[in-house]
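Here the structure comes first, spelled out in structure tokens, and everything after it is commentary.
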């Protein structure tokens with residue numbers, strides 16, 4: 001019997017990410033990380049039909065309002081893995097996008113904060129769930145970026 005993504009703890013993490021980013025069904029969301037397929041399927045089951053992953057995405061640049069990253073906490077080089085995911089997703093996100101990412105233990109959140117700042121994101125909140133710490137961030141200064149463009 002296949003295990004549902006909601007019984008494996010991913011459901012609680014998904015609920016946390018949805019509430020932190022205030023994701024609504026009409027918004028486009030892009031998902032990265034080792035658990036991206038579980039999150040993708042969970043979002044589709046909940047009615048978020050505009051969910052995708054970078055591998056499945058038809059829109060190559062700046063069409064997604066929200067990004068989710070999850071599933072790298074068990075890897076040895078966690079920080080490098082999540083930085084790669086952040087760089088990959090930032091190209092797909094709009095100038096006023098929201099981001100939710102699972103950083104695992106709290107000390108990883110401190111390491112990731114500098115990378116988020118370098119990519120133009122500001123950390124807004126952090127919430128503990130069964131999988132670890134979930135950070136919420138949004139693009140800062142998007143008014144200036146919009147005027148410059």
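The values are calculated or read from the model by the stated rules, or taken from the named source; none is laboratory data. Worth saying up front: this structure is predicted, and the values here are computed from it rather than measured. Don't worry about glycine lacking a Cβ; one is built from the backbone with ideal geometry, like all the others, and counts go over all protein chains shown.
Within the stretch 130-142, residues that are modelled with pLDDT under 75 sit with their Cβ atoms under 7 Å from residues that are assigned to a strand (DSSP E or B) and surrounded by fewer than 21 Cβ atoms within 10 Å (Cβ to Cβ), at 6+ positions apart or across chains, in these pairs: 140/122; 142/95; 142/96. Being within 15 Å of the chain's Cα centre (by Cα), at pLDDT 85 or above and closer than 17 Å to residue 32 by Cβ: is that true of residue 125 here? Spelling it out, it is not the case that residue 125 is within 15 Å of the chain's Cα centre (by Cα), at pLDDT 85 or above and closer than 17 Å to residue 32 by Cβ.
Each row is one residue, and each column tells you yes or no for (1) part of a loop (DSSP other than H, G, I, E, B); (2) buried (at least 16 other Cβ atoms within 10 Å of the Cβ); (3) out of contact with any helix residue (DSSP H, G or I) (no Cβ under 8 Å at 6 or more places or on another chain); (4) modelled with pLDDT of 90 or more.
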| position | (1), (2), (3), (4) |
| --- | --- |
| 6 | yes, yes, no, no |
| 12 | no, no, yes, no |
| 23 | yes, yes, no, yes |
| 27 | yes, yes, yes, yes |
| 30 | no, yes, no, yes |
| 47 | yes, no, yes, yes |
| 58 | yes, no, yes, no |
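Determine if the stretch 6-24 includes at least one residue that is in contact (Cβ under 8 Å) with a residue 24 or more places away in the chain and over 21 Å from residue 129 (Cα atoms). Looking through the stretch 6-24, none of the residues is in contact (Cβ under 8 Å) with a residue 24 or more places away in the chain and over 21 Å from residue 129 (Cα atoms).
In the stretch 32-45, of all residues being at pLDDT 85 or above and surrounded by fewer than 19 Cβ atoms within 10 Å (Cβ to Cβ), the one that is nearest to residue 83 (Cα to Cα) corresponds to 37.
From the list 146, 97, the lone residue that is modelled with pLDDT of 85 or more and either part of a strand (DSSP E or B) or in contact with a strand residue (DSSP E or B) (Cβ under 8 Å, 6 or more places away or on another chain) (or both) is 97. Annotation: residue 78 fulfils all but one of (1) surrounded by fewer than 16 Cβ atoms within 10 Å (Cβ to Cβ); (2) at pLDDT below 70; the unmet one is (1). Screening residue 106 on (1) in contact with a helix residue (DSSP H, G or I) (Cβ under 9 Å, 6 or more places away or on another chain); (2) modelled with pLDDT under 85; (3) within 18 Å of residue 132 (Cβ to Cβ) shows it passes everything except condition (1).
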